[in-house]
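Accompanying notes for the structure given below.
The values are calculated or read from the model by the stated rules, or taken from the named source; none is laboratory data. Just so it is clear, the structure is predicted and the values come from calculations on it, not from any experiment. Glycine gets a Cβ as well: all are built from the backbone with ideal geometry, and neighbour counts include every protein chain shown. Just the protein is used for accessible areas: all its heavy atoms, side chains included, with ligands, DNA and RNA removed. Shrake-Rupley method; radii C 1.70, N 1.55, O 1.52, S 1.80 Å.
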Amino acid sequence: MSYQESLAYLYSLQKLGIKLGLANIRRLLELLGNPHSSLKTVLVGGTNGKGSTAAMLAKMLAAGGYKVGLYTSPHLDDFRERIKVGDSLIPEARVVELTARMRKALALGSVLIPITFFEAVTALAYLHFNEEEIDLAVLEVGMGGRLDATNTTRPLLSIITSVSRDHCQHLGSSLEQILAEKLEIARPGQALVSGITARRLTPLVKRYCRDRGAELFSLNKDFSYLAVRPRTMNYHGLSGSIDGLKLGLSGEHQMSNAALALAGGEILIHHGFDLRREHFRQGLKEVTWPGRLELIPTLPPVLLDIAHNPAGATALARALRKEYNWNSLVIVLGIMADKDWPGVMRALLPLADKIITTSPQLPRACPPEELAGYAKRRGVKVEIVPRVSEAVRQALERAGEDEMILVTGSIFTVSEARRFLCSLLTKN
């Protein structure tokens, strides 16, 4: 079986959609010899910021000399981005080998298991990390927490970054319901680092940890940060302060994520990890996370951000106001129909001089005509360009010297735009 054939098999599992629950993944892992059972892990959940937080923590551990596995989703350009050891993506040959082993285990299993794409990829990550003999795996929770495939592990530490309305059809319509799902990644006798600061939600976090026997460490109570200037923060932590931390990622919301990762790093010290201040500094400075306020050096530069829900769009709008200068802003926007796209647009439209609505090449993308109609009704100049690459090309060709171009709304929109922009840079 080739790499492309292995990917085709894995992607074919997407037809099963999202099926939350742990019975199938547990049975699959049992057939594979329970590769997760010997791993030391950290679970990072939340609505926004969990991937960035996981990447920061992994980078700090790597700076300390540890061999770290990082499991995130979805990928931006390459499937192998989902499973990394250090800076190395899982090799294509390993994807082929492990997929074949998983398919054989399923065929020999006593029951037919209709596994989903995410369950299969999570099992591949466990297998790869186990056989690479890593020191620690940092796992980004896919959705929710209670019934997510990553919740099969026994983490030394759990982190929840934020809670906002997203995936409501699966997790519940209220913030309390969504938070209750995410809190299930906490473990008795272990620490939960919480970025939940809303007054209406913090009592739920406290009560859950008290009832579950988890030790709670909360942002703005047990640890905090101070924004000094863009990409620079001071951290007041669980066991001391660190000033002048430089961040490789833009946006003040990344400072909140950094504080959660730093608190997680401090807690891991008590689990025997030799992490020092210089490792925290180095990790935060060196971390990269493509598609998150990423500036592509075209002429003019194009800013990419995957903001796909109102909370993410609000954080993006705040970063645009504080950290970037422009006289005219053109937004290339493509959003999935199952997201709260009016909420995303409400956050971004006040900043836009013009909107180009577009659509990534997926059936569940919101029709660009629908997005355009919403923008027109709010008095924003709008144009419809159905294909993402063509929308970006036209934005670049028509851009003035003082104009800024932003591509956002979905990881799929950003992925298509990023591939197009990178091809332009390669040609030039």
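Computed over the chain with a Gaussian network model linking Cα atoms closer than 10 Å, the most mobile of G45, G283, G33 is G33. Both radii were evaluated on the Cα set of the range 228-278; the Rg over Rh quotient, with Rh as the Kirkwood radius, amounts to 0.98. Using only the C-alpha atoms, the convex hull of the range 60-152 corresponds to 115 Å³ per residue. A 1.4 Å probe run over the range 184-337, with the rest of the protein chains in place, finds 44 Å² accessible per residue.
Residues F280, F412, ordered by accessible area of protein heavy atoms at a 1.4 angstrom probe radius and largest first, appear as F412, F280. Within the accessible area of the chain, the carbon and sulfur atoms contribute 50%, probe 1.4 Å, all protein chains present. Couplings 3J(HN,Hα) for the range 405-412, derived from phi with the Karplus relation 6.51 cos²θ - 1.76 cosθ + 1.60 (θ = phi - 60°), are 10, 10, 10, 7, x, 6, 4, 6 Hz, where x marks Gly and Pro. Taking amide hydrogens as placed 1.01 Å from N in the peptide plane, the amide H of A191 sits under 5 Å from those of S158, E215, each at least 5 positions away in sequence or on another chain.
Net charge dipole, the chain: roughly 800 debye, given to the nearest 20, about the Cα centre with Cβ charges of +1 for Lys and Arg and -1 for Asp and Glu. So which lysines pass the test for K50, namely a Cα distance under 22 Å, with those fewer than 8 places away in the same chain ruled out? Partners within reach: K19, K40, K59, K67, K84, K182, K206, K221, K246, K285, K339. In the chain, the calculated helix contribution to ellipticity at 222 nm averages -13000 deg cm²/dmol per residue, counting -39,500 (n - 2.57) for every DSSP H run with n ≥ 4. Across the range 1-147, the mean sequence separation of Cα contacts (distance under 8 Å, 6 or more residues apart), normalised by length, yields a relative contact order of 43 percent.
Taking all Cα pairs closer than 8 Å and separated by 6 or more residues, the relative contact order of the range 290-377 comes to 26 percent.
Stokes-Einstein diffusion of the chain at 10 °C, 1.306 mPa s viscosity, Kirkwood radius from Cα pairs, rounded to a whole number: 71 µm²/s.
The eigenvalues of the Cα gyration tensor, multiplied by 5 and square-rooted, give the range 1-140 an equivalent ellipsoid with semi-axes of 24, 16, 16 Å from largest to smallest.
Given an 8 Å cut-off on Cα distances and at least 6 residues of separation, report the relative contact order of the chain as a percent. Averaging sequence separation for qualifying contacts and normalising by length gives 15 percent for the chain. Around A55, with a cut-off of 10 angstrom between Cβ atoms, what is the net charge of the other residues, counting Lys and Arg +1 and Asp and Glu -1? Here the count lands on +3. Rounded to whole numbers, the Karplus 3J(HN,Hα) couplings from phi for the range 174-184 are 9, 4, 5, 5, 5, 4, 4, 5, 6, 5, 5 Hz, using 6.51 cos²θ - 1.76 cosθ + 1.60 with θ = phi - 60°, and x at Gly and Pro. Of the residues D305, D87, ranked by 1.4 Å probe accessible area with the largest first, the sequence reads D87, D305.
Per the Cα gyration tensor, the range 293-428 maps to an equivalent ellipsoid with semi-axes of 20, 17, 14 Å, ordered largest to smallest. Tell me which of L421, G400, S410 sits at the most positive position along the dipole axis of the range 358-428, charges placed on C-beta atoms (Lys, Arg +1; Asp, Glu -1). Farthest along the dipole direction, towards plus: S410. One equal scatterer on each Cα of the range 250-294, no solvent, Debye formula: the resulting log10 I(q)/I(0) at q = 0.14, 0.17, 0.32 Å⁻¹ is -0.37, -0.53, -1.21.
Ordered by solvent-accessible area of protein heavy atoms (1.4 Å probe), largest first, the residues K59, K40 come out as K40, K59.
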